[in-house]
Structure formats: C-alpha cells, structure tokens
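Quick notes on the structure that follows.
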Amino acid sequence: GLQVEGDTTGAASRLRQIESINGPQPDDSKDIAFEKLPSGASYREYREGKGDATVTDGSKVAAEMTIRCQSFATANEPGGVKYFSTKIDTDFNELAWTVGDGSLPPELEEAMKGMHKGGG
C-alpha cells in the first residue's frame, strides 16, 4: 500500500487498511446476544466470517476486540464496562497471536475457536 507521509512505522497505513476491510458493515448488528461458554466467558460475534479457514489451536489470528467486566454492567454498557479495547489500547486496532501458545487467557481463545476468517 501507499505509505502515509510521516508514518515511519506504517501504523497509520495499516490502520487505514484494517478499517477499510473490517470497518462497520451494513449487516453488522449491536443487538446480538452474548453467548456464554462452559468456562464462564461470554462473547458475541457481530459479523460471521465468510472464509474457509476455521480458528483452531495453532492458528495465527489477528482480531479487533473489546474485553469487558460483566460485573460492572450498566444501562449504557450492558456487556460491562470496557477493560481492554484494541481500538484504544493498540496502535493497529488489532491484537495478533497464535491460538494455544499461552499468550492470552484460554477463555478468550475458547471464544475464538470455530470462527471463520473475516468475522468479528
């Protein structure tokens, strides 16, 4: 892609690329219910991926996400207050890791497993 003037790290260019691919889509819905997993973690997939690849142990993934504290739910934030957000807490609005390598909590990885490329 084209380099942004003054963007020596490429962060602005990468963020623009991610936003054009993963930005809000007409089919996205914020009214999707949270799904509770056996571990107790809850998640919601607001956009189903259309790719053939499925997330499993060993998959290299990059995801945009918000981690919330459900015990602090409010009328404005029914899923709980934000604890971590890739939009706020990272330079690229994504977090990348290999599923199963121990980098992230197993509950987060449990929620990712089975998702398809391009989802969210």
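The values are calculated or read from the model by the stated rules, or taken from the named source; none is laboratory data. What you see is a predicted model; the values in this text were computed from it and never measured. A quick note on method: Cβ atoms are made from the backbone with ideal geometry, for glycine too, and the neighbour counts reach across all protein chains shown.
In this structure, does residue 62 turn out to be farther than 23 Å from residue 100 by Cα and loosely packed, with under 15 Cβ neighbours inside 10 Å?
Answer is no for this residue.
Exactly one of these conditions fails for residue 48: (1) surrounded by 13 or more Cβ atoms within 10 Å (Cβ to Cβ); (2) within 18 Å of residue 114 (Cβ to Cβ). Give me its number.
Of (1) surrounded by 13 or more Cβ atoms within 10 Å (Cβ to Cβ); (2) within 18 Å of residue 114 (Cβ to Cβ), only one is false for residue 48: (1).
Could you please find all residues in region 90-104 being exposed (fewer than 14 other Cβ atoms within 10 Å of the Cβ) and either under 14 Å from the mean Cα position of the chain (by Cα) or farther than 25 Å from residue 56 by Cα (or both)?
The answer is 91, 96.
Residues in region 19-26: is at least one surrounded by 14 or more Cβ atoms within 10 Å (Cβ to Cβ), modelled with pLDDT under 85 and assigned to a helix (DSSP H, G or I)?
Yes, region 19-26 contains a residue that is surrounded by 14 or more Cβ atoms within 10 Å (Cβ to Cβ), modelled with pLDDT under 85 and assigned to a helix (DSSP H, G or I).
Restricted to region 27-45, and to residues that are surrounded by 11 or more Cβ atoms within 10 Å (Cβ to Cβ) and either touching a Pro at 6+ places or on another chain (Cβ under 6 Å) or basic (Lys, Arg) (or both), which residue is modelled with the lowest pLDDT?
For region 27-45, the residue satisfying everything is 44.
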